[in-house]
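Reviewing the structure listed below.
The values are calculated or read from the model by the stated rules, or taken from the named source; none is laboratory data. Owing to the predicted nature of the structure, the values given are computational and were not obtained by experimental measurement. Quick reminder, even Gly has a Cβ in these numbers, built from the backbone with ideal geometry, and neighbours come from all protein chains shown. Protein only, heavy atoms only, side chains kept; ligands, DNA and RNA dropped before computing areas. Shrake-Rupley method; radii C 1.70, N 1.55, O 1.52, S 1.80 Å.
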Amino acid sequence: MGVLRQEDLGSFDVAIVGAGPIGAACAYEAAGRGAGVAVLEATAGWGSECADASAGWVCPSFAGPFVRRSELLAATRWLARPDSPLAIRASPRLLPWLWTLLRRSDPRRVEEVARILGDLATASARLHRALTQEGVDTGWRASGLLDVYSNRHDYEAGCAHAAAQGEAGLRAESVDPGQIPSLPAAAAPPAGAILYPDEAVCPPSQFVEALGAAAERRGAVLLPGRRAIYMERTSNGVRLHAAQGVVRAETVVICAGAATPLLVGRRARVPIVGGRGYAFEVPRPRPVDEPGPLVYLHEQRIAVTPWTDAIRFAGTLELGYADGPPKGRRVAGISRGARRAFPDLEWQRAKPVRSGARPCTPDGLPVVGRLDRDGKVIVAAGHAMLGLTLAPITGALVGGLLEGGSSPDPTLRALSHRRFE
Ligand SMILES: Cc1cc2nc3c(=O)[nH]c(=O)nc-3n(C[C@H](O)[C@H](O)[C@H](O)COP(=O)(O)OP(=O)(O)OC[C@H]3O[C@@H](n4cnc5c(N)ncnc54)[C@H](O)[C@@H]3O)c2cc1C
């Protein structure tokens with residue numbers, strides 16, 4: 001019987017698993033601190049399915065727990081509808097996760113999560129802008145975001161949310177949508193609209209590729225086509241066994257999105273499940289110079305991202321479906337709402353649908369921190385709807401951990417996996 005030889009892929013200070021937005025940001029920060037970095041990616045290069053399906057928003061005003069208990073209960077009416085924006089397929093893995101969600105979603109805790117995510121997103125939005133000033137061409141654009149409502153009751157709740165955001169320092173104003181030239185008449189909401197003028201956007205694939213390339217310029221090495229399979233602790237670090245190869249590293253950072261629990265294994269409880277969403281783009285009849293603000297069709301839960309030559313529509317949260325084929329009727333649900341609001345696009349030339357599994361924890365906060373006492377294994381995952389927004393701040397937090405401080409930082413305490421023990 002032949003023995004399968006494993007290639008020695010080298011020895012590094014830091015091995016990062018996953019080349020999505022979080023892995024790219026961690027690589028950029030780690031290499032910037034002078035560490036020798038390898039990034040193992042199961043697929044062909046920088047970028048991920050999930051990021052490719054993203055709406056690209058960098059929007060602190062939307063940073064909150066991705067689902068609140070009241071919404072979850074109200075959404076039970078959606079569950080029977082095959083075209084609804086929320087679906088849950090109960091499975092043995094999902095049930096304990098849902099139970100944790102229900103236990104941890106009392107209003108006090110939800111407000112605390114919203115505050116932490118808001119602070120992280122605001123800090124991260126500043127870092128997004130700083131990246132462009134450092135010459136990393138992520139495609140960042142100060143777009144503004146228009147939150148549009150067709151229902152008066154929802155609009156009033158939106159105004160209360162905007163007022164609270166204002167107290168936290170985010171500008172928001174009620175606007176007459178007729179004054180937004182890029183908004184088609186059919187999308188002008190009967191109930192009202194709120195403009196968040198400081199929000200921004202990045203083409204998501206460009207963000208990851210540009211940050212990955214910048215990390216490589218700082219000396220990081222990308223190892224594509226290398227799925228990490230398991231980790232083995234050694235006296236001075238970690239041996240990371242990957243597809244036909246082994247990497248030796250002083251520290252491993254796991255940024256594997258929804259697949260993170262597979263690699264963490266029994267080391268710790270990191271309850272992340274995939275929350276699948278869909279996105280597709282429809283060309284404009286002719287390119288425009290000013291794409292205009294992002295739009296959220298509030299009641300339909302559809303995120304609209306205008307580019308110069310096309311508009312991207314994204315939505316849906318399917319918990320427990322990550323592995324099956326895309327659900328055509330749910331995509332049709334997004335398509336119907338989008339087409340009603342933006343009828344003048346070239347719908348017959350709509351591009352194929354992309355789907356991606358958002359890495360979701362039950363309380364809506366990511367898990368960022370050391371898994372073991374000596375800090376040889378770090379995890380940075382579970383950013384749900386906010387991975388692109390929070391990538392730069394996550395990279396900075398991981399960079400701090402790699403520098404080895406004992407870290408009394410209260411934010412890191414809140415993000416620790418220990419909250420699930
Ligand atoms: C429809 C939709 C819209 C979204 N819109 C937004 C938005 O507007 N703004 C925003 O901030 N976020 C948005 N998101 C969320 C965002 O895309 C995710 O939070 C983000 O992609 C998570 O980044 P990540 O790097 O943690 O994981 P991922 O993007 O999933 O990347 C993980 C990478 O790890 C690799 N990997 C996994 N396991 C292994 C292994 N064992 N070995 C090697 N490699 C491995 C995967 O191949 C993948 O490339 C959206 C997501 C969806 C689906």
| query | Given springs between every Cα pair under 10 Å in a Gaussian network model of the chain, which of V247, V14, V379 has the largest fluctuation? | reply | V247
| field | Rounded if a/c under 1.5, otherwise prolate or oblate - segment 7-420, Cα gyration tensor axes | value | prolate
| message | I want to verify a result. In a Gaussian network model of the chain, Cα cutoff 10 Å, which of these has the top mean-square fluctuation: P189, P177, P107? | response | P107
| Under 14 Å, Cβ to Cβ, from R358 - net charge with Lys/Arg +1 and Asp/Glu -1 | 0
| task | Enumerate by residue number the GluC sites (Glu not before Pro) in segment 87-193 meeting two conditions: DSSP loop (anything except H, G, I, E, B), and at most 16 other Cβ atoms within 10 Å of the site's Cβ. | result | E134
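Quick check for me: using +1 on Lys/Arg Cβ and -1 on Asp/Glu Cβ, what's the dipole size of the chain about its Cα centre, in debye to the nearest 20? All intermediate terms of the calculation are to be shown ahead of the outcome.
Numbers: 49 positive and 42 negative charges, 298 e Å.
Using Cβ point charges on Lys, Arg, Asp and Glu, the chain gives about 1440 debye.
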| request: Specify which residue in the list Q165, L145, I88 is farthest towards the positive end of the charge dipole of the chain, using unit charges on the beta carbon of Lys, Arg (+1) and Asp, Glu (-1), about the Cα centre. | output: I88
| field | Contact order relative to length of segment 7-420, as percent, for alpha carbon pairs under 8 angstrom and 6 or more apart | value | 28 percent
| said: Tell me the carbon and sulfur percent of the accessible area for the chain, rounded to whole percent, probe radius 1.4 Å. | reply: 51 percent
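How much net charge surrounds L183 when only the other residues with a Cβ under 13 Å from the Cβ of L183 are counted, with Lys and Arg +1 and Asp and Glu -1? Mind showing how you got there, number by number?
Working: positive: none; negative: D147, D176, E290, D344.
Here the charged neighbours net out to -4.
Counting only helical runs of four or more DSSP H residues, what would the 222 nm mean residue ellipticity of the chain come to if each run contributes -39,500 (n - 2.57) and the total is spread over all its residues? Don't jump to the answer; show the numbers that get you there.
On the way: 11 runs with 131 residues, N = 421.
So the helix-based figure for the chain works out to -9500 deg cm²/dmol.
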| task | Give the peptides 40-46, 298-304, 283-289, 266-272 in descending order of average Cβ contacts within 10 Å, highest first. | result | 298-304, 40-46, 266-272, 283-289
